[in-house]
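Worksheet: the structure to be examined is printed underneath.
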Amino acid sequence: MPYLIRTPAVEELPALSALCFRSKAVWGYDNDFMEACRRELSFDPLELRSTSIVVAEEHGRIVGVAQVKVIGKEADLLKLFVEPTALRCGVGRALFLWACGRAASVGADELVIEGDPDAAPFYRRMGAEDCGFVPSGSIDGRLLPKLVKDLRGP
């Protein structure tokens, strides 16, 4: 299914933050954990200028969101979340391919992903490789898998 990939309006950012929160919750985290993650799952209007953010839309409904920040030859996939009712329908793949294309188009050689442990298998299927662990920005003492997708390949 082809999705319309577009830049969101500033007015849509609260709804996108809520989408990220719902998407993260599918992994079964408790309320305290989810509240600790709320800041990292939210969008700030200034991020529309400092990063690339897009939504995936299907029949006028937003079904996913992705955010990339490129600094030199390295791009960071800051967010990639899919509406829970649209999981396993190709939205994540479409957004990941957009992120890779966007990063490569501005000169990045690699896309770095610091993902939820439950999301890591998806990124591996997309061609990313494990390269260690990083501390969570929300939960003290929690480590997240760090993956890298080489953007220089064929």
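The values are calculated or read from the model by the stated rules, or taken from the named source; none is laboratory data. Source: prediction; values computed, not measured. All Cβ positions, even for glycine, are placed from backbone atoms using ideal geometry, and neighbour counts span all protein chains on display. All accessible areas refer to the heavy atoms of the entire protein, side chains included, with ligands and DNA or RNA removed. Shrake-Rupley method; radii C 1.70, N 1.55, O 1.52, S 1.80 Å.
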Mean separation of Cα pairs under 8 Å and 6+ residues apart, divided by the residue count of the chain: what relative contact order is that in percent? 20
Please work out the Cα center distance from the range 137-154 to the range 6-63, rounded to the nearest Å. 19
Binned at 5 Å from zero, the C-alpha pair distances of the range 1-82 give percents of 3, 14, 25, 23, 18, 12, 4, 0
Which value, in debye to the nearest 20, describes the size of the charge dipole of the range 17-85 about its Cα centre when Lys and Arg Cβ atoms bear +1, Asp and Glu Cβ atoms bear -1, and nothing else is charged? 160
Label-reachable residues, the range 50-84, where backbone N falls under 19 Å from a point 7 Å from residue 15's Cα toward its Cβ: 53-67, 80-84
Run the quick spin-label model on residue 40 and residue 4: label points 7 Å from Cα toward the beta carbon, then report their separation in nm to one decimal. 3.3
So the carbon and sulfur contribution to the accessible area of the range 23-147, 1.4 Å probe, in percent, is 50
May I ask you to work out the translational diffusion coefficient for the chain at 37 °C, viscosity 0.692 mPa s, via Stokes-Einstein with Rh from the Kirkwood sum over Cα pairs, reported in whole µm²/s? 209
The range 78-140: projected area of the alpha-carbon convex hull, averaged over directions, in nm²: 5.0
Among 144, 107, 121, whose Cα lies farthest out toward the positive end of the dipole of the chain, if unit charges sit on the beta carbon of Lys, Arg (+1) and Asp, Glu (-1)? 107
Convex hull (Cα only) mean projected area of the range 37-97, reported in nm² to one decimal: 5.0
Would you mind getting the accessible area per residue of the chain, heavy atoms of the protein chains only, 1.4 Å probe, in Å²? 54
